[in-house]
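Please treat every number below as a calculation from the coordinates, not as lab data. Predicted model only: the values in this text are computed from it and were never measured. No Cβ is skipped: glycine too gets one built from the backbone with ideal geometry, and neighbour counts run over all protein chains shown.
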């Protein structure tokens, strides 16, 4: 069956360091992958989309990689700040270009 | 734009009662999604619509759940009768594929508690 795995444990890092979050998937061949941020009590907010033919995508301090051979995406936040503390969700398209399956999310805590 | 609007933001009801959740998508978006989020199961897609037509309802847990989209600016998710295990946060999201964009815009959610 299709499965998406994100680090279930919270990631604690110090301000200024680079945070790296992992998303692994099995039994998928997604045309694209998305990353969302979710703050407590709020809905997810879209951050980045990367397509299967793209190896890397950047947006300001964010960088996403997509390795279809390893079936893995890495999400990096450089020069992290306490305001980056949130839960980050990866989502894969499944069965069409608009149906997303979400991972359980990884909680990131950036400490001053 | 005001973004995706959901109401009510909180709903507390007793088991067996009917619950109706409402959503107004972003104007111009042609896709609408209903999700449910719990600690145990994460964010699950329940159903989605394209141009007001239901496309995939395979995530709807059972016949107690139903969703409608009578027009491009309004959708409802109804649970009848409600059960304690339906307690969760329900999100509505909308998107458009215009310009090859696939990101979804989520509303603030409705926190449902069934006692």
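Convex hull of alpha carbon positions in the protein assembly as shown: directionally averaged projected area 12.7 nm².
Per residue of B:89-100, other chain Cβ atoms within 10 Å of the residue Cβ number 2 on average. Each part reduced to its alpha carbon centroid, region A:1-38 and region B:1-63 end up 24 Å apart. Computed from the C-alpha gyration tensor, the three semi-axes of the ellipsoid equivalent to region A:65-112 are 26, 14, 8 Å, from longest to shortest. Calculate log10 I(q)/I(0) of region A:19-59 for q = 0.25, 0.26 Å⁻¹, where I(q) comes from the Debye formula with a single equal point scatterer on each Cα and nothing for solvent. Ignoring solvent entirely, the Cα scatterers give -1.06, -1.10. Radius of gyration over Kirkwood radius for chain A, both on Cα atoms: the Rg/Rh ratio is 0.95. Dividing the C-alpha radius of gyration of region B:12-70 by 2.2 N^0.38 Å, with N its residue count, gives 1.22. Label-to-label distance, residue B:115 versus residue B:85, with points set 7 angstrom from Cα along the beta-carbon direction: 2.2 nm. Summarised in one figure, the compactness ratio Rg/Rh of chain B, Cα atoms and Kirkwood Rh, is 0.96.
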